[in-house]
Amino acid sequence: MSPNQPQNEERLLIKGAYLMTQDEQLGDFVGDVLVADGRIVGIGRDLTDDRARTVDGTGSAVLPGFIDTHRHNWQGALRNLGPAWTYQEYRGQVQIGLGQHFEPRDVRVGNLAADLLSLDAGVTTVRDESHISNSPEHSDAAIAAHWESGIRAVFDHGWPSTEAEQWQFGSDRSHPDDIRRIREEVLSDDSARVTLNAMLRGPEMSTPAVAEQDIRLARELGLRISMHVGLGEWGAEQQSIRRLAETGLLASDMTFIHCCTSTDEELRMLAAHGASASVAGALEVFMPGLGQPATNRLLAAGVRPSLSVDTETIVSGDMFGVMRATLAYQQLIRAGAAGPMDRAPGLPTFDAADLLSFATIEGARAAGIDDRTGSLTPGKEADLIMIRLDHANTLPATDVAATIVAGGHAGNVDLVMVAGDVVKEHGVLRAGNAVFDEAAASRDRLFHAAGLRLPG
């Protein structure tokens, strides 16, 4: 799909589903959703529309599409390479080892593969943390893939993965100036399905002077900012959120990713300035070197976080696994078996309904797009999913939120819409699977260029 294609004009009426609206005024109930001209135009009971195609929602839940607020999409063709890697092994193998060999065609294929897996699993929005800006052509290929896939994407322009070690952890290199071209010529429309944000390194990965310069550049261009902070022992030493607060740069236009070793005081600073957070619960549980998910400490500070996958080289690219891993770590906290930063008494807890909120409306807020998506609110764009509750793994669905979080998977996602376009129906992606053959060819080419042998 290109940005010049007309908006989908199909009218669709979903009847008799369990609606999990994520709208505080509407709540959860059995009812109907009417979609027209790409938007939700009605939600309630006993809706009728003679012009609409009717979809039977009986035995299903309808909710907003999941929103992944931090994924390195370019790695989509390197899926499941190192589930037992440490953080340093991941950096060495992928960012430093393979990233320098990516051509624009590899970025397109990786992004497209990640997008299609996301859509298949009910993720309708991805915040693409793109630190593969090796050239303008690489960035253009990443953006083109988002238009092609049909997903809603926030493209977070980052730094190159050529000379990767020179761009992180004390770097004195300024953010690539190509972000200006992208803002002015490629992604200037903030209401489009694909929009632009800035993935900055901040004081944890660059010098304080460069961090301030990059932040001012993003704000000059009118862009929201994402930033990785609280990464292992280095993050604990740097205390980037505190530094930003002390220099007057901390603001509500920022999303902080991970926060694993950010102090409780820093998390309270984050909350006081209206900033948001993204927890990559599965990755943080799987990969030694980052620290543990900060979900409960964020809640204690007054922040309802969003959720994210991070990298498919380590963990599955669906939000079901992220929600389960995030919940599993909370249970370790409750059992007294958590990491050292999560042993304070009285940490608040969350449940399955909270996790669905983190994966939808909180994600929209973190990405700055809650005016158009994240809830089943009339007037918002129709980004929604329908999950079957009458499958063997979901029956009897006594508690619907718990059923989706504890037992759901991509195979239960029956219908996916993005801005009113049906991208998956009857459990089948309309785009097909051809891109995954391209992904295998891209992987082989990258391994050959890097002089590496394929596993197995």
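How would you classify the range 66-367 from its alpha-carbon gyration tensor, with a ≥ b ≥ c the square roots of the eigenvalues: rounded for a/c under 1.5, else prolate if a/b is greater than b/c, otherwise oblate?
On the way: a/c = 1.44, a/b = 1.24, b/c = 1.16.
The shape class here is rounded.
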>> Let's test the formula: R0 of 30 Å, r as the Cβ-Cβ distance of Glu237 and Ala328. What FRET efficiency results, to the nearest 0.05?
In response: 0.60
> Does anything in the range 415-456 have its amide N under 12 Å from the 7 Å Cα→Cβ label point of Glu10, and if so which residues?
Replying inline: 415-431
> Can you give me the Cα centroid spacing of the range 363-405 and the range 94-173 in angstrom?
Replying inline: 26 Å
> R0 = 30 Å: FRET efficiency of Asp190 with Ala337, Cβ-based, nearest 0.05?
Replying inline: 0.10
> List the chymotrypsin sites (Phe, Trp or Tyr not before Pro) in the range 140-241 that DSSP assigns to loop (not H, G, I, E or B) and whose Cβ has at most 16 other Cβ atoms within 10 Å. Which are they?
Replying inline: Phe169
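Using only the alpha carbons of the range 316-440, what is the convex hull's orientation-averaged projected area in square nanometres?
Working: hull surface 43.5 nm².
Averaging across all directions leaves 10.9 nm² for the Cα convex hull.
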> Once you put a point 7 Å from the Cα of Thr207 and another 7 Å from the Cα of Glu137, both along the Cβ direction, what distance in nm separates them?
Replying inline: 3.2 nm
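Since every read-out is calculated from the coordinates, none of them should be taken as a lab result. The shown structure was predicted, so the numbers you read here are calculated from the model rather than taken from an experiment. Cβ: placed from backbone, ideal geometry, glycine included. Neighbour counts: every protein chain shown.
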